[in-house]
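Chemist: Before I ask anything, here is the structure I am working with.
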Amino acid sequence: QERVPGLEAVDRNRALMVLGKPGAGKTTFLKYLAIACKFGNFLKDRIPIFVTLKEFAETEGQPSLSEFIAVQWSHCGVENAQDLVVECLKAGQGLLLLDGLDEVRLEDHDRVIREIKGVGDRYEKSNLIATCRIAAKEYIFERFVEVEVADFGDKEIREFATIWFTAKNDAPKIEPLIERLEAEEPVKELASSPLLLTLLCLVFGEAGDLPSNRSELY
């Protein structure tokens with residue numbers, strides 16, 4: 001299928017369901033969007049609102065999403081938080097980032113889905129982005145466009161390793177790691193996951209080498 005940059009996918013669609021495997025970078029992507037928005041590098045006319053859905057679902061009293069967000073804003077010193085949250089979302093000023101639908105307990109699942117659907121229906125002008133693990137997604141959100149986080153290819157693996165070891169002041173390890181991955185296809189397959197590639201870089205940074213089979217690596 002067509003690959004598009006993550007920011008472009010967000011820019012194209014008001015409501016987005018970001019699917020991905022474990023360790024694909026779904027939460028990291030939402031946090032990146034929040035930071036980019038906060039510093040005016042992306043959707044600078046929006047206010048980023050990050051919600052961990054598991055935390056929301058298990059909050060005592062079962063508040064609505066807007067009430068939950070208002071409590072967070074109140075803790076940050078915002079006065080009249082409830083009114084401001086609703087006003088912000090209605091005016092299309094919100095970038096609502098809903099993370100981890102797959103981590104919500106089964107007994108809370110239907111209520112959380114109703115809340116997400118309700119927010120999507122009520123606040124049509126604001127941007128909504130939710131994440132969920134692929135295997136856990138059972139419900140279709142009519143207003144949401146579904147996208148999947150793509151695996152890393154050779155280009156992304158090299159870029160990640162370059163940035164990683166440069167930041168560690170250990171640039172001489174970049175090429176040896178890439179060569180080692182090219183020589184060991186079963187190990188290289190792991191590097192398609194951002195999380196597992198992070199662990200590969202950690203191991204290689206410490207040992208200067210990688211085990212030749214997956215069981216040793218694990």
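The values are calculated or read from the model by the stated rules, or taken from the named source; none is laboratory data. From a predicted model like this one, the values you see are computed outputs, not experimental measurements. Neighbour counts are summed over all protein chains in view; Cβ atoms, including those assigned to glycine, are modelled from backbone coordinates with ideal geometry. Accessible surface is based on the protein model in full, side chains and every heavy atom, while ligands, DNA and RNA are left aside. Shrake-Rupley method; radii C 1.70, N 1.55, O 1.52, S 1.80 Å.
Chemist: Pick out the one residue from Ile163, Ile113, Ile178, Ile129 that is in contact (Cβ under 8 Å) with a residue 12 or more places away in the chain, farther than 24 Å from Arg12 by Cα and among the hydrophobic types (A, V, I, L, M, F, W, C).
Modeler: Answer to the check: Ile178.
Chemist: Looking only at segment 110-151, which residues are at pLDDT 90 or above, in a loop (DSSP other than H, G, I, E, B) and basic (Lys, Arg)?
Modeler: Hit for segment 110-151 is Lys125, nothing else.
Chemist: For segment 100-109, which positions are part of a helix (DSSP H, G or I), closer than 27 Å to Arg46 by Cα and not hydrophobic (A, V, I, L, M, F, W, C)?
Modeler: Passing the criteria: Asp102, Glu103.
Chemist: Another question, then. State all residues of segment 159-174 that are open to solvent by less than 80 Å² (accessible area, probe 1.4 Å) and among the charged types (D, E, K, R); if no residue qualifies, say none.
Modeler: Passing the criteria: Asp170, Lys173.
Chemist: Limited to segment 154-185, what total is found for residues that are polar (S, T, N, Q) and either assigned to a helix (DSSP H, G or I) or over 18 Å from Glu206 (Cβ atoms) (or both)?
Modeler: Going through segment 154-185 one residue at a time, the tally reaches 2.
Chemist: Also, quick follow-up: Quick test for you: out of Glu189, Glu156, Glu146, pick the one residue that is surrounded by 13 or more Cβ atoms within 10 Å (Cβ to Cβ), among the acidic types (Asp, Glu) and in contact (Cβ under 8 Å) with a residue 60 or more places away in the chain.
Modeler: Answer to the selection: Glu146.
Chemist: From the residues in segment 6-61 that are open to solvent by less than 10 Å² (accessible area, probe 1.4 Å), within 21 Å of Ile134 (Cα to Cα) and part of a strand (DSSP E or B), which one is modelled with the highest pLDDT?
Modeler: Among those residues, the one meeting the criterion is Val51.
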